[in-house]
Amino acid sequence: MENGSEHVDEGARFLLVRSGGYRCAIPVDAAKLVTKATETTALPGSAPRFLGLAQIAGEPVAVVDLHALLDPGGEPGGGHEMTVIVRGPSAGATLGLAVDEAMGVVSLRVEQERSDGDPTWVSGHSRMDARPIVILDPTELFDGSASPEKGAFDAA
């Protein structure tokens, strides 16, 4: 793929999640854990999409509202019923994505590559049952240098 993202093979396996009106696909090998949402502790001065820190499986995890990442100017996300723990590019790095529902593992092919208007953490787009799916590149969520204005932790 262009812009430094790796090519996703046709029929790759993803964890399909729903956050607000969005359906997103997270590569299965990047999804470490799916758990019910837990209480977060907000940090003063953090971006609105950053929900705070949670204690998950005995470890502190930064939790971000996936809906707010996808639609930063829109209404707040849904119920945040689940948290998907995503592996980062370095050993031990994790990030929690607050979602409304984990829908299961699916095989998808990329129907549209990432476009110039997409944040760096979107690697492409697909469709299932005629509904759009945003394919996420979890590594880019951790890489503030890739797109500081669109990263998970930045205040913009």
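Here are the numbers for the structure shown:
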quantity	calculated
Elements of type strands (runs of 3 or more DSSP E) contained in region 20-80, each with 3 or more residues being in contact with a strand residue (DSSP E or B) (Cβ under 7 Å, 6 or more places away or on another chain) and under 19 Å from residue 139 (Cα atoms)	22-27, 31-36, 59-65
Residue check, residue 51 modelled with pLDDT of 85 or more, under 21 Å from residue 135 (Cα atoms) and out of contact with any Phe, Trp or Tyr (no Cβ under 6 Å at 6 or more places or on another chain)	no
Conditions (1) over 12 Å from the mean Cα position of the chain (by Cα); (2) among the β-branched types (Val, Ile, Thr); (3) modelled with pLDDT of 85 or more: number failed by residue 8	(3)
Test result for residue 100, among the acidic types (Asp, Glu), open to solvent by less than 30 Å² (accessible area, probe 1.4 Å) and either under 15 Å from the mean Cα position of the chain (by Cα) or at pLDDT below 80 (or both)	yes
Residue 43, sole failed condition from (1) among the hydrophobic types (A, V, I, L, M, F, W, C); (2) open to solvent by less than 50 Å² (accessible area, probe 1.4 Å); (3) at pLDDT below 90	(2)
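Let's see how each residue does on (1) at pLDDT 85 or above; (2) within 12 Å of the chain's Cα centre (by Cα); (3) surrounded by 16 or more Cβ atoms within 10 Å (Cβ to Cβ):
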| site | (1), (2), (3) |
| --- | --- |
| 105 | yes, no, no |
| 111 | yes, no, no |
| 124 | yes, no, yes |
| 131 | yes, no, no |
| 137 | yes, yes, yes |
| 140 | yes, yes, yes |
| 146 | no, no, yes |
| 149 | no, no, no |
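The values are calculated or read from the model by the stated rules, or taken from the named source; none is laboratory data. On a predicted model such as this, the values are computed, not experimentally measured, just so you know. Cβ coordinates were reconstructed from backbone atoms using ideal geometry, including for glycine residues, and neighbour counts include every protein chain displayed. Side chains are part of the model used for accessible areas, which takes the heavy atoms of the whole protein and leaves out ligands, DNA and RNA. Shrake-Rupley method; radii C 1.70, N 1.55, O 1.52, S 1.80 Å.
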